[in-house]
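The values are calculated or read from the model by the stated rules, or taken from the named source; none is laboratory data. Just so you know, these numbers come straight off a predicted model, no measurement behind them. Cβ placement follows ideal geometry from the backbone for every residue including glycine, while neighbour counts extend to all protein chains displayed. With ligands, DNA and RNA removed, areas are computed over all heavy atoms of the protein, side chains included. Shrake-Rupley method; radii C 1.70, N 1.55, O 1.52, S 1.80 Å.
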Amino acid sequence: MKIEECIHYLYEKYKNDLSGRVSHSFPALAAVDPDLFSLSVVTADGKSFSVGDKESLFSIQSISKPFSYALALKQHGSEFVEEKVGMEPTGEDYDSIIKLDDLNRPFNPMVNSGAIVTTGLIGSGVKNTKKDELVGYFSDFAGRELDIDQEIYASERENGHKNWAIVHLLRHFNLMTKDFKDDLDLYFNQCSILVNTEDLAMMGATLANGGVNPKTGKSCIDPKNLRHVLSILLTCGMYNYSGEWVFDVGVPAKSGISGGIIMIIPGLMAISVYSPRLDKRGNSVRGIKVCEELSNIYNLHILDSAGPNSTKDIL
Ligand code: GLU
């Protein structure tokens, strides 16, 4: 079965699965329509297929983390960023308060402490342009201009007490500068960037295509930093399901509490799913089922010696 037919098949198979619960992390997120469901694929050479509520925009939440990490790597180099944030999975909740590694760094850039420190690094030095630099960079990956959902942003800023606690502790340990409140504000903006599944699949396809956006031809990330980002996604992208994810699905991926998932099949394509009902670890219930099944159907696990099905069977 070709991928276009396959996503329609999976959409029909899971569309009536209403298990799980929408995130109640803050009011504006809890208010989304729980039944929305869409799937998109963008291939490394730019073909795109979607099914379901593909026009529905939602806040990117934690799927932003690999892209802000990529921007910090681009602006400051990996040695500098690695001094500030590690690369080990934590086995702790993504918003746990706060655990540092033996080098006194947050464990990795996919948990909130590491992600906020990473976002705090963003800035080319030009005054007051950090938000524009960040949204512009995400837009390069998506191949269109992205916006911030002001209601989501305001709701999280007002209610994100754990993240406020995390930055105060990070500041206490001298892991953030005196600008830590502005840095958290930038992080809240980053999490509130609006995308649909086509955008996410295009962002993922840029990672799958050696860092070059397949639609615009723009180079977004160099090969060395791309390898860093994909490595972190493979080991730390799926909350406390990351180990099991590598075991069962075996591709770099990232999940967010708004119900999105992207998975990247390097050299081939990226697949995104949006379905807001989450399991107890914070992953989209339908999203996990779809991704597991896609990996099995096409033999996508990167450690499988047979390798993925040939491109002509998939596309
Ligand atoms: N904005 C959310 C937070 O920082 C993102 C969480 C997520 O998607 O994992 O808590």
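Go through the range 269-290 and give me each residue that's under 20 Å from Lys54 (Cβ atoms) and assigned to a strand (DSSP E or B).
Taking the range 269-290 as the starting set, the residues that turn out to be under 20 Å from Lys54 (Cβ atoms) are 269-277, 284-290.
Of everything in the range 269-290, those that are under 20 Å from Lys54 (Cβ atoms) and assigned to a strand (DSSP E or B) turn out to be Met269, Ala270, Ile271, Ser272, Val273, Tyr274, Ser284.
Give me the residue from the range 179-203 that is under 17 Å from Ile261 (Cβ atoms) and polar (S, T, N, Q) and, out of that set, least open to solvent (accessible area, probe 1.4 Å).
Thr197
So for the range 81-101 (the condition being within 12 Å of the ligand (Cβ to nearest atom) and in a helix (DSSP H, G or I)), does at least one residue qualify?
no
Just checking, does the range 130-153 include any residue being hydrophobic (A, V, I, L, M, F, W, C), surrounded by fewer than 16 Cβ atoms within 10 Å (Cβ to Cβ) and either within 23 Å of Asn240 (Cβ to Cβ) or touching a residue at least 60 places away in the same chain (Cβ under 8 Å) (or both)?
Kept after step one, since they are hydrophobic (A, V, I, L, M, F, W, C), are these residues of the range 130-153: 134-135, 138, 141-142, 146, 148, 152.
Within this subset, residues satisfying the condition of being surrounded by fewer than 16 Cβ atoms within 10 Å (Cβ to Cβ) are none.
No, the range 130-153 contains no residue that is hydrophobic (A, V, I, L, M, F, W, C), surrounded by fewer than 16 Cβ atoms within 10 Å (Cβ to Cβ) and either within 23 Å of Asn240 (Cβ to Cβ) or touching a residue at least 60 places away in the same chain (Cβ under 8 Å) (or both).
Is it true that Tyr69 is touching a residue at least 24 places away in the same chain (Cβ under 8 Å) and either part of a helix (DSSP H, G or I) or within 13 Å of Ile232 (Cα to Cα) (or both)?
Working: touching a residue at least 24 places away in the same chain (Cβ under 8 Å): yes; either part of a helix (DSSP H, G or I) or within 13 Å of Ile232 (Cα to Cα) (or both): yes.
Yes; evaluated as a whole, the condition is true for this residue.
Among what's in the range 102-116 and is within 16 Å of the ligand (Cβ to nearest atom) and outside any helix (DSSP H, G or I), pick the residue that is surrounded by the most Cβ atoms within 10 Å (Cβ to Cβ). Break it down into steps so the answer makes sense when it comes.
Taking the range 102-116 first, the residues within 16 Å of the ligand (Cβ to nearest atom) are 106-116.
Those still in the list that are outside any helix (DSSP H, G or I) too: 106-111.
Details: Pro106: 27, Phe107: 22, Asn108: 24, Pro109: 30, Met110: 28, Val111: 25.
Looking at residues that are within 16 Å of the ligand (Cβ to nearest atom) and outside any helix (DSSP H, G or I), I get Pro109.
Pick from Asp53, Asp33, Asp17: which is out of contact with any helix residue (DSSP H, G or I) (no Cβ under 9 Å at 6 or more places or on another chain) and either open to solvent by less than 20 Å² (accessible area, probe 1.4 Å) or not polar (S, T, N, Q) (or both)?
Numbers: Asp53 fails: out of contact with any helix residue (DSSP H, G or I) (no Cβ under 9 Å at 6 or more places or on another chain); Asp17 fails: out of contact with any helix residue (DSSP H, G or I) (no Cβ under 9 Å at 6 or more places or on another chain).
On inspection, the qualifying residue turns out to be Asp33.
For the structure I just gave you, tell me whether Gly46 is over 18 Å from Gly260 (Cα atoms) and in a loop (DSSP other than H, G, I, E, B).
Working: over 18 Å from Gly260 (Cα atoms): yes; in a loop (DSSP other than H, G, I, E, B): yes.
So Gly46 fits the description; yes.
For the range 210-227, name all the residues that are part of a loop (DSSP other than H, G, I, E, B) and free of Cβ contacts under 8 Å to residues at least 12 places away in the same chain.
Keep residues of the range 210-227 that are part of a loop (DSSP other than H, G, I, E, B), which gives 210-211, 213-218, 220-222.
Across the range 210-227, the qualifying residue is only Gly217.
Have a look at Ile3, Ile63 and point out the one that is in contact (Cβ under 8 Å) with a residue 12 or more places away in the chain, under 26 Å from Gly210 (Cα atoms), within 15 Å of the ligand (Cβ to nearest atom) and of a type in the set (Val, Ile, Thr).
On the way: Ile3 fails: within 15 Å of the ligand (Cβ to nearest atom).
Of the residues listed, the single one that is in contact (Cβ under 8 Å) with a residue 12 or more places away in the chain, under 26 Å from Gly210 (Cα atoms), within 15 Å of the ligand (Cβ to nearest atom) and of a type in the set (Val, Ile, Thr) is Ile63.
Among the candidates Ser96, Ser25, Ser68, single out the residue that is open to solvent by less than 10 Å² (accessible area, probe 1.4 Å) and of a type in the set (Ser, Thr, Tyr). Break it down stepwise before answering.
Values: Ser96 fails: open to solvent by less than 10 Å² (accessible area, probe 1.4 Å); Ser25 fails: open to solvent by less than 10 Å² (accessible area, probe 1.4 Å).
Within the list Ser96, Ser25, Ser68, the selection yields Ser68.
Between Leu230, Leu200, Leu234, Leu207, which is within 16 Å of the ligand (Cβ to nearest atom) and not in a loop (DSSP other than H, G, I, E, B)? Working first, answer last.
Numbers: Leu230 fails: within 16 Å of the ligand (Cβ to nearest atom); Leu234 fails: within 16 Å of the ligand (Cβ to nearest atom); Leu207 fails: within 16 Å of the ligand (Cβ to nearest atom).
Just a single option satisfies the conditions, and that option is Leu200.
Hey, which of the helices (runs of 4 or more DSSP H) in the range 117-180, taking only ones fully inside, have at least 2 residues that are more than 16 Å from the ligand (Cβ to nearest atom)?
On the way: elements: 130-142, 150-159, 161-172.
Per the criteria, 130-142, 161-172.
Just give me the residues in the range 14-52 being without any contact (Cβ under 8 Å) to a residue 12 or more places away in the chain and among the charged types (D, E, K, R), in sequence order.
Initially, the range 14-52 is screened for residues without any contact (Cβ under 8 Å) to a residue 12 or more places away in the chain, giving 16, 24, 30-31.
Selection gives nothing.
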